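The values are calculated or read from the model by the stated rules, or taken from the named source; none is laboratory data. Please read all numbers here as calculations on a predicted model, not as lab measurements. Backbone-built Cβ (ideal geometry, glycine too); neighbour counts: all protein chains shown.
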Amino acid sequence: MNDYDASSVFGAVHLGHIVIETNRFADWRRFGEDAIGMHCDRLDIGLMRFRLDERECRFLLRRGPAEDVVATGWHVDDHATFERIEARVRAHGVPVVAGTAEEARQRGVERLLRFQGPKGIVQEICTTPVTSAEPLRMLSSGWVTGDSGMGHVAITSARPALMRGYFDTVFDARLTDYIDETISGVKLKIRFLRVNERHHSVAIASVRGLPIDPIRTRVQHLNIQAAGLDDVAQSYERVHRLGFDMALSVGQHTNDKELSYYARTPSGFEWEVGWNPIVVDETTWEPSTHQGISIWGHKPVGQTIIDKLDQFRLGARSLARPERTVPALSGAGIPDD
(Lines give C-alpha, C1' and ligand atoms only; values in the text may rest on other atoms or scores of the structure.)
Protein backbone atom coordinates (compact mmCIF):
# COMPACT_ATOMS: atom_id res chain seq x y z
CA MET A 1 0.00 0.00 0.00
CA ASN A 2 0.93 3.69 -0.06
CA ASP A 3 3.69 4.90 2.24
CA TYR A 4 2.48 6.68 5.36
CA ASP A 5 1.41 10.24 4.55
CA ALA A 6 0.91 12.59 7.49
CA SER A 7 -1.35 14.83 5.39
CA SER A 8 -3.72 12.00 4.47
CA VAL A 9 -7.13 11.75 6.14
CA PHE A 10 -7.56 8.07 5.20
CA GLY A 11 -8.73 6.04 8.19
CA ALA A 12 -10.05 9.08 10.07
CA VAL A 13 -13.23 9.39 7.96
CA HIS A 14 -16.32 7.19 8.41
CA LEU A 15 -19.78 7.22 6.85
CA GLY A 16 -21.78 8.70 9.71
CA HIS A 17 -25.27 9.69 8.57
CA ILE A 18 -27.54 9.98 5.55
CA VAL A 19 -30.16 12.65 4.82
CA ILE A 20 -33.22 11.54 2.81
CA GLU A 21 -35.93 13.82 1.46
CA THR A 22 -39.40 12.24 1.22
CA ASN A 23 -43.10 12.87 1.58
CA ARG A 24 -43.79 9.20 2.36
CA PHE A 25 -43.21 9.32 6.10
CA ALA A 26 -45.73 6.63 7.04
CA ASP A 27 -44.30 4.17 4.52
CA TRP A 28 -40.73 4.97 5.56
CA ARG A 29 -41.54 4.41 9.23
CA ARG A 30 -43.02 0.97 8.44
CA PHE A 31 -40.07 0.17 6.21
CA GLY A 32 -37.31 1.31 8.58
CA GLU A 33 -38.80 0.34 11.92
CA ASP A 34 -41.10 -2.61 11.20
CA ALA A 35 -39.36 -4.24 8.22
CA ILE A 36 -35.62 -3.47 8.45
CA GLY A 37 -35.74 -3.30 12.25
CA MET A 38 -34.12 0.06 13.12
CA HIS A 39 -34.96 2.37 16.02
CA CYS A 40 -37.25 5.23 14.93
CA ASP A 41 -37.71 8.69 16.48
CA ARG A 42 -40.34 11.07 15.12
CA LEU A 43 -39.10 14.60 15.84
CA ASP A 44 -42.02 16.55 14.38
CA ILE A 45 -44.38 16.46 11.43
CA GLY A 46 -41.53 17.05 8.96
CA LEU A 47 -38.58 15.21 10.54
CA MET A 48 -37.89 11.59 11.45
CA ARG A 49 -34.69 9.79 12.45
CA PHE A 50 -33.49 6.20 12.49
CA ARG A 51 -30.86 4.98 14.93
CA LEU A 52 -28.58 1.95 14.61
CA ASP A 53 -26.51 2.37 17.76
CA GLU A 54 -25.88 4.78 20.64
CA ARG A 55 -25.75 7.80 18.32
CA GLU A 56 -28.81 10.02 18.14
CA CYS A 57 -29.03 9.94 14.36
CA ARG A 58 -27.89 7.70 11.51
CA PHE A 59 -30.66 8.47 9.00
CA LEU A 60 -32.43 11.83 8.96
CA LEU A 61 -35.65 11.97 6.92
CA ARG A 62 -37.00 15.40 6.13
CA ARG A 63 -40.15 16.32 4.29
CA GLY A 64 -39.75 17.22 0.62
CA PRO A 65 -40.40 16.06 -2.95
CA ALA A 66 -37.02 14.56 -3.95
CA GLU A 67 -37.73 10.96 -2.83
CA ASP A 68 -33.97 10.51 -2.73
CA VAL A 69 -30.79 10.84 -0.73
CA VAL A 70 -29.89 14.54 -0.63
CA ALA A 71 -26.80 14.45 1.61
CA THR A 72 -24.20 12.03 2.93
CA GLY A 73 -22.56 12.78 6.24
CA TRP A 74 -18.98 11.81 7.07
CA HIS A 75 -17.87 11.57 10.67
CA VAL A 76 -14.30 12.80 11.12
CA ASP A 77 -12.32 11.53 14.10
CA ASP A 78 -10.94 14.83 15.41
CA HIS A 79 -11.08 18.58 14.94
CA ALA A 80 -7.64 18.78 13.32
CA THR A 81 -8.64 16.35 10.56
CA PHE A 82 -11.99 18.12 10.19
CA GLU A 83 -10.17 21.41 9.61
CA ARG A 84 -7.72 19.76 7.20
CA ILE A 85 -10.60 18.59 5.01
CA GLU A 86 -12.26 22.01 5.22
CA ALA A 87 -9.03 23.73 4.16
CA ARG A 88 -8.56 21.23 1.33
CA VAL A 89 -12.03 21.91 -0.09
CA ARG A 90 -11.67 25.70 0.25
CA ALA A 91 -8.22 25.60 -1.39
CA HIS A 92 -9.88 24.18 -4.51
CA GLY A 93 -12.26 27.13 -4.62
CA VAL A 94 -15.37 25.20 -3.58
CA PRO A 95 -17.70 27.04 -1.16
CA VAL A 96 -18.05 25.54 2.30
CA VAL A 97 -21.14 26.36 4.37
CA ALA A 98 -21.39 25.93 8.13
CA GLY A 99 -24.46 24.08 9.30
CA THR A 100 -26.73 25.91 11.72
CA ALA A 101 -27.04 24.83 15.33
CA GLU A 102 -30.46 23.37 14.51
CA GLU A 103 -29.13 21.41 11.52
CA ALA A 104 -26.33 20.00 13.68
CA ARG A 105 -28.86 19.08 16.37
CA GLN A 106 -31.04 17.25 13.87
CA ARG A 107 -28.05 15.16 12.79
CA GLY A 108 -26.87 14.62 16.34
CA VAL A 109 -23.42 16.19 15.86
CA GLU A 110 -21.42 19.06 17.33
CA ARG A 111 -19.80 20.60 14.23
CA LEU A 112 -21.23 20.46 10.72
CA LEU A 113 -19.97 21.73 7.37
CA ARG A 114 -21.39 21.07 3.90
CA PHE A 115 -20.15 21.46 0.35
CA GLN A 116 -21.02 20.36 -3.18
CA GLY A 117 -20.86 16.71 -4.12
CA PRO A 118 -21.27 14.60 -7.27
CA LYS A 119 -24.77 14.14 -8.72
CA GLY A 120 -26.06 16.94 -6.50
CA ILE A 121 -25.57 14.92 -3.31
CA VAL A 122 -24.37 17.39 -0.69
CA GLN A 123 -21.36 16.16 1.25
CA GLU A 124 -21.35 16.93 4.97
CA ILE A 125 -18.49 16.52 7.42
CA CYS A 126 -19.07 16.47 11.16
CA THR A 127 -17.32 15.84 14.45
CA THR A 128 -18.24 14.81 17.99
CA PRO A 129 -21.46 12.80 17.53
CA VAL A 130 -24.10 13.12 20.23
CA THR A 131 -25.09 9.88 21.93
CA SER A 132 -28.53 9.11 23.30
CA ALA A 133 -29.33 7.87 26.78
CA GLU A 134 -32.58 6.41 25.45
CA PRO A 135 -32.34 2.62 25.06
CA LEU A 136 -32.67 1.32 21.52
CA ARG A 137 -36.11 -0.01 20.59
CA MET A 138 -35.55 -2.11 17.50
CA LEU A 139 -36.26 -5.55 16.11
CA SER A 140 -32.63 -6.14 15.11
CA SER A 141 -30.12 -7.38 17.66
CA GLY A 142 -27.67 -4.74 16.48
CA TRP A 143 -25.76 -3.14 13.60
CA VAL A 144 -22.03 -2.94 12.85
CA THR A 145 -20.74 0.65 12.83
CA GLY A 146 -17.62 1.64 14.79
CA ASP A 147 -14.31 2.19 13.00
CA SER A 148 -15.81 0.98 9.71
CA GLY A 149 -18.58 3.56 9.64
CA MET A 150 -22.19 2.52 9.19
CA GLY A 151 -22.22 0.89 5.75
CA HIS A 152 -21.88 2.19 2.22
CA VAL A 153 -23.46 4.22 -0.57
CA ALA A 154 -23.72 2.92 -4.15
CA ILE A 155 -24.04 5.45 -6.97
CA THR A 156 -24.46 5.10 -10.72
CA SER A 157 -22.52 7.55 -12.85
CA ALA A 158 -21.85 8.48 -16.46
CA ARG A 159 -18.63 10.19 -15.26
CA PRO A 160 -17.03 7.55 -13.00
CA ALA A 161 -13.45 8.80 -13.34
CA LEU A 162 -14.48 12.26 -12.12
CA MET A 163 -16.47 10.79 -9.25
CA ARG A 164 -13.55 8.62 -8.18
CA GLY A 165 -11.29 11.66 -8.45
CA TYR A 166 -13.63 13.59 -6.17
CA PHE A 167 -13.48 11.09 -3.31
CA ASP A 168 -9.73 10.75 -3.73
CA THR A 169 -9.27 14.54 -3.55
CA VAL A 170 -11.57 15.13 -0.58
CA PHE A 171 -11.12 11.97 1.55
CA ASP A 172 -7.99 10.24 0.16
CA ALA A 173 -10.18 7.29 -0.83
CA ARG A 174 -8.38 4.15 -2.00
CA LEU A 175 -9.43 1.78 -4.74
CA THR A 176 -10.32 -1.60 -3.25
CA ASP A 177 -11.30 -3.51 -6.39
CA TYR A 178 -13.53 -3.69 -9.47
CA ILE A 179 -16.45 -5.84 -10.56
CA ASP A 180 -17.36 -6.43 -14.21
CA GLU A 181 -20.99 -7.45 -14.65
CA THR A 182 -23.44 -7.84 -17.52
CA ILE A 183 -27.13 -7.26 -16.77
CA SER A 184 -29.72 -7.66 -19.54
CA GLY A 185 -26.96 -7.31 -22.13
CA VAL A 186 -25.61 -4.08 -20.61
CA LYS A 187 -21.98 -4.23 -19.48
CA LEU A 188 -21.27 -2.53 -16.17
CA LYS A 189 -18.04 -1.67 -14.39
CA ILE A 190 -18.24 -1.06 -10.65
CA ARG A 191 -15.44 0.64 -8.72
CA PHE A 192 -15.24 0.13 -4.95
CA LEU A 193 -13.61 2.84 -2.82
CA ARG A 194 -12.67 2.71 0.85
CA VAL A 195 -11.84 5.47 3.32
CA ASN A 196 -11.10 3.18 6.27
CA GLU A 197 -10.97 -0.55 7.01
CA ARG A 198 -14.46 -1.19 5.54
CA HIS A 199 -14.09 -2.87 2.14
CA HIS A 200 -15.95 0.06 0.59
CA SER A 201 -17.86 3.11 1.73
CA VAL A 202 -18.61 4.21 -1.85
CA ALA A 203 -19.38 2.06 -4.91
CA ILE A 204 -19.53 3.69 -8.35
CA ALA A 205 -21.28 1.80 -11.16
CA SER A 206 -21.09 2.86 -14.80
CA VAL A 207 -22.21 1.51 -18.17
CA ARG A 208 -19.13 0.55 -20.15
CA GLY A 209 -18.74 2.45 -23.39
CA LEU A 210 -21.89 4.56 -22.95
CA PRO A 211 -22.20 7.87 -21.03
CA ILE A 212 -25.64 7.02 -19.62
CA ASP A 213 -27.13 6.68 -16.17
CA PRO A 214 -30.07 4.24 -16.00
CA ILE A 215 -31.14 5.15 -12.43
CA ARG A 216 -33.67 7.88 -11.59
CA THR A 217 -32.39 8.45 -8.06
CA ARG A 218 -29.06 9.96 -7.08
CA VAL A 219 -28.10 6.77 -5.25
CA GLN A 220 -28.67 3.21 -6.45
CA HIS A 221 -28.64 1.72 -2.95
CA LEU A 222 -27.67 2.22 0.66
CA ASN A 223 -26.14 -0.55 2.79
CA ILE A 224 -26.17 -1.27 6.50
CA GLN A 225 -24.43 -4.22 8.16
CA ALA A 226 -26.39 -6.49 10.49
CA ALA A 227 -24.73 -7.84 13.62
CA GLY A 228 -25.88 -11.41 12.99
CA LEU A 229 -27.03 -13.70 10.21
CA ASP A 230 -30.37 -14.18 11.97
CA ASP A 231 -30.98 -10.44 11.69
CA VAL A 232 -30.60 -10.65 7.90
CA ALA A 233 -32.97 -13.63 7.64
CA GLN A 234 -35.60 -12.15 9.95
CA SER A 235 -35.62 -8.73 8.29
CA TYR A 236 -35.85 -10.42 4.87
CA GLU A 237 -38.97 -12.22 6.07
CA ARG A 238 -40.46 -9.02 7.50
CA VAL A 239 -39.89 -7.13 4.23
CA HIS A 240 -41.87 -9.81 2.40
CA ARG A 241 -44.59 -10.08 5.05
CA LEU A 242 -45.20 -6.33 5.18
CA GLY A 243 -45.57 -6.11 1.40
CA PHE A 244 -42.45 -4.12 0.47
CA ASP A 245 -40.85 -4.89 -2.88
CA MET A 246 -37.74 -7.05 -2.92
CA ALA A 247 -35.17 -6.06 -5.55
CA LEU A 248 -32.64 -8.91 -5.19
CA SER A 249 -32.92 -12.14 -3.24
CA VAL A 250 -30.36 -13.29 -0.65
CA GLY A 251 -26.90 -13.87 -2.11
CA GLN A 252 -23.18 -13.46 -1.47
CA HIS A 253 -20.92 -10.96 -3.21
CA THR A 254 -17.74 -11.96 -5.03
CA ASN A 255 -15.47 -9.19 -3.75
CA ASP A 256 -16.28 -8.40 -0.11
CA LYS A 257 -17.97 -11.79 0.53
CA GLU A 258 -20.91 -10.04 2.23
CA LEU A 259 -24.12 -12.06 2.43
CA SER A 260 -27.08 -9.76 1.78
CA TYR A 261 -30.40 -8.96 0.14
CA TYR A 262 -31.77 -5.79 -1.48
CA ALA A 263 -35.21 -4.34 -0.72
CA ARG A 264 -36.80 -1.39 -2.51
CA THR A 265 -37.42 1.65 -0.30
CA PRO A 266 -40.60 3.76 -0.36
CA SER A 267 -38.57 6.39 -2.28
CA GLY A 268 -37.54 3.95 -5.01
CA PHE A 269 -33.83 3.41 -4.42
CA GLU A 270 -32.67 0.11 -2.94
CA TRP A 271 -31.64 -0.82 0.60
CA GLU A 272 -29.11 -3.59 1.20
CA VAL A 273 -29.00 -5.45 4.50
CA GLY A 274 -25.72 -7.37 4.72
CA TRP A 275 -23.67 -9.49 7.08
CA ASN A 276 -20.01 -10.35 7.60
CA PRO A 277 -18.06 -8.55 4.84
CA ILE A 278 -14.30 -8.92 4.90
CA VAL A 279 -12.14 -6.22 6.50
CA VAL A 280 -9.27 -4.87 4.39
CA ASP A 281 -5.71 -5.44 5.63
CA GLU A 282 -3.82 -2.37 4.41
CA THR A 283 -0.45 -4.15 4.61
CA THR A 284 -1.31 -6.81 2.04
CA TRP A 285 -4.29 -5.59 -0.03
CA GLU A 286 -3.94 -5.20 -3.79
CA PRO A 287 -6.84 -4.21 -6.10
CA SER A 288 -8.21 -6.90 -8.41
CA THR A 289 -11.14 -7.41 -10.76
CA HIS A 290 -14.02 -9.82 -10.08
CA GLN A 291 -16.36 -11.21 -12.71
CA GLY A 292 -20.00 -10.79 -11.61
CA ILE A 293 -21.36 -9.29 -8.42
CA SER A 294 -22.33 -12.56 -6.76
CA ILE A 295 -20.91 -15.96 -5.93
CA TRP A 296 -24.50 -17.15 -5.59
CA GLY A 297 -27.99 -15.65 -5.28
CA HIS A 298 -28.92 -11.97 -5.65
CA LYS A 299 -31.51 -12.87 -8.26
CA PRO A 300 -33.95 -10.17 -9.43
CA VAL A 301 -37.34 -10.47 -7.76
CA GLY A 302 -40.49 -9.56 -9.68
CA GLN A 303 -38.70 -7.75 -12.51
CA THR A 304 -40.66 -7.63 -15.76
CA ILE A 305 -39.77 -6.67 -19.32
CA ILE A 306 -41.60 -3.38 -18.66
CA ASP A 307 -39.18 -2.65 -15.80
CA LYS A 308 -36.22 -3.30 -18.09
CA LEU A 309 -37.63 -1.07 -20.81
CA ASP A 310 -38.18 1.71 -18.27
CA GLN A 311 -34.51 1.49 -17.30
CA PHE A 312 -33.43 1.79 -20.92
CA ARG A 313 -35.70 4.84 -21.32
CA LEU A 314 -34.16 6.47 -18.25
CA GLY A 315 -30.71 5.76 -19.63
CA ALA A 316 -31.60 7.38 -22.94
CA ARG A 317 -33.03 10.45 -21.18
CA SER A 318 -29.84 10.86 -19.17
CA LEU A 319 -27.99 11.68 -22.39
CA ALA A 320 -29.94 14.93 -22.53
CA ARG A 321 -29.13 16.04 -18.98
CA PRO A 322 -25.43 16.27 -18.14
CA GLU A 323 -24.47 14.70 -14.84
CA ARG A 324 -23.66 17.20 -12.10
CA THR A 325 -19.98 17.04 -11.19
CA VAL A 326 -17.64 19.14 -9.07
CA PRO A 327 -14.71 19.68 -11.46
CA ALA A 328 -12.65 21.70 -8.97
CA LEU A 329 -12.51 18.69 -6.61
CA SER A 330 -12.27 16.00 -9.26
CA GLY A 331 -9.04 16.97 -10.99
CA ALA A 332 -8.88 15.36 -14.42
CA GLY A 333 -10.51 12.29 -12.94
CA ILE A 334 -8.75 9.03 -12.14
CA PRO A 335 -8.56 6.56 -15.03
CA ASP A 336 -8.86 2.86 -14.32
CA ASP A 337 -5.67 1.25 -13.13
Pairs where the first residue, in the stretch 293-304, is closer than 16 Å to D180 by Cα and exposed (fewer than 14 other Cβ atoms within 10 Å of the Cβ) and the second is modelled with pLDDT of 90 or more and not charged (D, E, K, R), C-beta under 7 Å, 6+ apart:
W296/G251; W296/Q252
Residue hits (the stretch 267-279; crowded, with 21+ Cβ neighbours inside 10 Å and touching a Lys or Arg at 6+ places or on another chain (Cβ under 9 Å)) are S267, F269, E270, W271, P277
Only residues that are within 19 Å of F59 (Cα to Cα) and either among the hydrophobic types (A, V, I, L, M, F, W, C) or outside any strand (DSSP E or B) (or both): list them for the stretch 245-268, please.
A263, T265, P266, S267, G268
The lone exception for L175 - which of (1) aliphatic (A, V, I, L, M); (2) in a strand (DSSP E or B); (3) modelled with pLDDT of 95 or more; (4) more than 17 Å from the chain's Cα centre (by Cα) it fails:
(4)
Looking only at the stretch 128-164, and only at residues there that are of a type in the set (S, T, Y) and on the phi < 0 side of the Ramachandran plot, the one that is surrounded by the fewest Cβ atoms within 10 Å (Cβ to Cβ):
T131
Return the residue satisfying two criteria in turn: it lies in the stretch 292-319 and is under 18 Å from S206 (Cβ atoms) and more than 22 Å from the chain's Cα centre (by Cα), and of such residues it is modelled with the highest pLDDT.
R317
When you go through (1) in contact (Cβ under 8 Å) with a residue 40 or more places away in the chain; (2) in a helix (DSSP H, G or I); (3) over 30 Å from A227 (Cβ atoms); (4) not aromatic (F, W, Y) one by one for A66, which number turns out not to apply?
(2)
Just a yes or no: is a residue in the stretch 134-145 in contact with a strand residue (DSSP E or B) (Cβ under 6 Å, 6 or more places away or on another chain) and within 26 Å of T100 (Cα to Cα)?
no
Of the residues in the stretch 224-244, those that are of a type outside the set (A, V, I, L, M) and either under 20 Å from the mean Cα position of the chain (by Cα) or not in a loop (DSSP other than H, G, I, E, B) (or both) come to Q225, D230, D231, Q234, S235, Y236, E237, R238, H240, R241
Given I125, I179, I121, which one is touching a helix residue (DSSP H, G or I) at 6+ places or on another chain (Cβ under 6 Å) and either within 24 Å of P322 (Cα to Cα) or buried (at least 18 other Cβ atoms within 10 Å of the Cβ) (or both)?
I125
Among the residues of the stretch 192-211, the number that are part of a strand (DSSP E or B) and under 16 Å from N223 (Cα atoms) is 8
Residues in the stretch 28-63 that are outside any strand (DSSP E or B) and either surrounded by fewer than 15 Cβ atoms within 10 Å (Cβ to Cβ) or in contact with a His (Cβ under 7 Å, 6 or more places away or on another chain) (or both) total 5
